[in-house]
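J.: What follows is a structure written as structure tokens; I'll ask about it next.
Derivation of every value follows stated rules applied to the coordinates shown; laboratory data play no part. The model shown is predicted, which means the values in this text are computed figures rather than measured ones. Positions of Cβ are backbone-derived with ideal geometry, glycine not excepted, and every protein chain shown enters the neighbour counts.
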Amino acid sequence: MGAHPVHSVFGVAGCAFAAVVLTLGSAVASAAGGTVSGKVEATPAKFLEETVVYLKEVPGSFPAKTASLDQRGMKFIPHVLVVTAGGTVDFLNHDTVAHNVFSPDNETYNLGTFKPDEKRSYTFKTGGVYTQLCSIHPEMLGFVFVGENPYAAVVGPDGTFAIPGVPAGTYTAAVWNSHLKAADKKVTVTEGKTAEVSFSLHR
Amino acid sequence: MEADRKRSLRRWTVRGSVLGIFTLLLLTARAALGVPAFARKYGTSCLTCHTVYPKLNLFGEAFRRNGYRFPGVDSDFVKQAVVPLGQDAYKKEFPHAVWPGTLPGDVPIALGFNGQAVFHPEARAGGAAADNGARVNLNDLIGEAHVWAGGSFDDQITFFGELTFADGGTEIEHVGVHFNDLVGEPHVLNLAVGKIVPTVSTFGPHSSYLVDQATPPLSVTALYGATSDSWNVADAYDGLEVNGTIDGRLDYAVGGNAGANVEVRSPADFYAHLGYKLGGVRLDGEKGSTVPDPKKPWAEKALTLHAFYYRSGSRFSAADGAVLEDTATTFGGGLRAQWNSWELDSGAYQERHDNALAGGGRVSALAQYDELSYVIYPWLVPAVRVEYVRLSPAGGPAVTDLRGFAGVAALVRPNIKLWLVAQVERATGAPPGGWGPASGLAAPTTATSSVGPEVEAITLGLAFAF
């Protein structure tokens, strides 16, 4: 993850945030390992919804998964989606108007215009943060965070997060935010236990 | 020759009565208030930027100087809903996409009203005479209404404007688009375009607790009856201005505008300003620059020196149909000395006109002002102020007008203001149009007689904005 611009400056989120904590990878390793959890504080707090905490350089191979990103009410839902490199995202359109999905970041792609209830998919080969835009509705904004491993989580509206199923070991915990940044931290995970790590985001 | 002079004086006298009305309008005008549109945008109090509005505190001055933006990244502080007209990521698509911007989620408009009750303790004074001998004038208790628009198109481009509604009609007081941070470090180079108030001081044009304009306007061609649409250093004109703050200590402005011309002509007005602040918080409010006592956001120990040059070319039609052209060359300067809650603002400028008389002829003018204020409480500020004007027309007698103001400005609420001000005046002679266009009320009967000192008015003012 270190090579991609995780601190790219993206636009101010105009869409409401679907406040969910996603823990991709938990299905793979939830039965074993420990949990990394904590809290992120942001100044200004209004950018907190666009934050992902992730672990760098976790050894292993990780099966590709499929996730979905919906367009509903002219918003990308969820606002931030986490997948693993090699994974596929099904872009849905549950609006009654046509939408387009494209990203100017990293691999760059344009899925064209798709009608209501149409689904188009894209498989992410390279890790990084992909801004999701709709050329028909320039105010729409979403993010797909493509991790090198599944150990990443979107923070909740209160700033808390949890990454379960992490193999025991010492890792570098990092944070991505659309506008803000914070220094990486070391975290040691013990089997069956929870390791705490927190971040304070600033300009 | 003498007969011509008398005819000219009679003509001036007739114009003087018209200009007398203009005088009252000037005196009753307190156009500047706070701007709740900004308060709504940032979800913050008027007191973030003002002491007793429109007087700006140190943060408010930095906000104004920065093109109506907070230090740092302006949008970080915006609490009002914003409609994105394209997300920031669209910048990567340019020129294949429109450069993104934002729209305020709510209409960025604010309203305000102001006026005053005027008492004339001396029935024979010029102030009472201007009110037809009335001792009490309530006719302007609500004398003006204002509509302000203020906000941003993105983190660099902002807008600010004001419409004023009064008995005399509706006027665009000023309106401009501000393109900020064009090159280099933040605040080093900005461009303002529109009908903007020329920057002739390091501080805002309404830096007074007692009068509307800190730099007293001196409409010399109006004073001598040449035109009612007279240029002066304090008015807003259509044009553009490059300005900025360097290293938080030095501020500058260079601008050009159309000036006050009855007829269209090529823009010929040019001005430049330079200021430097010693001590205290930075002029741009950046880098964590804070006041010594956060409970007193107006207080510091600092000295600021500033100077300006202004060249204006006016073209106007005289009463006899002849077209006159007047060039005014003005040099001025001032200082603000601050010692905790004490503040002294002083300044003066010398203005030389080559054709300001109704029949043509040179006039040299001097305007000087001093205002001392002390913030007792955040809501209560007494102040005293002196303004002095001297006019020296070619071939005519020099005349002077000395005005003293003493009073107090108070906040009932952060957006409701009262002020009580007494004005004393002494005039030695008067220009043919009276002292009105110079904001004076004293009315010597001839160009060589004198009146005063006399108490012209005691004013109880009310202003509120929302």
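J.: How do the peptides B:60-66, B:78-84 rank, highest first, by the average count of neighbouring beta carbon atoms within 10 Å per residue?
T.: The peptides rank, most packed first, as B:60-66, B:78-84.
J.: Enumerate the aspartates and glutamates that B:K41 could reach by cross-link, defined here as Cα to Cα under 19 Å, with residues fewer than 8 away along the same chain left out.
T.: Correct list for B:K41: B:E61, B:D74, B:D76, B:D106, B:D154, B:D155, B:E162.
J.: Kindly work out what percent of the DSSP beta bridges joining two residues of the protein assembly as shown are antiparallel, to the nearest 5.
T.: Restricted to the protein assembly as shown, the bridges split so that about 95 percent are antiparallel.
J.: Next question. Compute the Cα gyration tensor for chain B, then decide on rounded, prolate or oblate, letting a ≥ b ≥ c be the square roots of its eigenvalues: rounded whenever a/c is under 1.5, prolate when a/b is larger than b/c in the other cases, and oblate in all that remain.
T.: Taking the square roots of the gyration eigenvalues as a ≥ b ≥ c, chain B is prolate.
J.: Within segment B:101-128, list the residues whose amide N lies under 15 Å from a label point set 7 Å along Cα→Cβ of B:R413.
T.: In segment B:101-128, the label zone of B:R413 (backbone N under 15 Å from the point 7 Å along Cα→Cβ) covers B:111-113.
J.: If you don't mind, another one. Across segment A:177-187, in residue order, what do the Karplus-derived ³J(HN,Hα) couplings come to in whole Hz, using 6.51 cos²θ - 1.76 cosθ + 1.60 with θ = phi - 60° and x for Gly and Pro?
T.: Each residue's phi maps through the Karplus curve to give 9, 5, 10, 10, 8, 8, 6, 5, 9, 8, 9 Hz.
J.: For chain B, take the longest principal axis of its alpha carbons; what is the angle in degrees between that and the long axis of helix B:2-28, to the nearest 10 within 0 to 90?
T.: Relative to chain B, helix B:2-28 is tipped by roughly 40 degrees.
J.: Assuming 1.002 mPa s and 20 °C, estimate D for segment A:57-105 with Stokes-Einstein, Rh taken as the Kirkwood radius over Cα pairs, in µm²/s.
T.: Estimated diffusion coefficient is 171 µm²/s.
J.: When only Cα pairs under 8 Å and 6 or more residues apart are kept, what is the percent relative contact order across segment B:86-210?
T.: Relative contact order comes out at 15 percent.
J.: What aspartates and glutamates could a cross-link reach from B:K91, if we take a straight Cα to Cα line under 12 Å and drop same-chain neighbours fewer than 8 places away?
T.: Leaving aside aspartates and glutamates fewer than 8 places away in the same chain, those within reach of B:K91 are A:D105.
J.: Taking θ as phi - 60°, what are the ³J(HN,Hα) couplings along segment A:158-171 by the Karplus curve (6.51, -1.76, 1.60), each to the nearest whole Hz, with x for Gly and Pro?
T.: Coupling constants for segment A:158-171: 8, x, 7, 8, 8, 10, x, x, 7, x, 4, x, 10, 10 Hz.
J.: Straight-line reach from B:K301: which lysines fall under 24 Å, measuring Cα to Cα and dropping same-chain residues less than 8 apart?
T.: Within the straight-line cut-off, B:K301 pairs with B:K55, B:K277, B:K287.
J.: When Cβ neighbours within 10 Å are restricted to other protein chains, what is their mean count per residue of peptide B:70-79?
T.: If you average over the peptide's residues, the count of other-chain Cβ atoms is 3.
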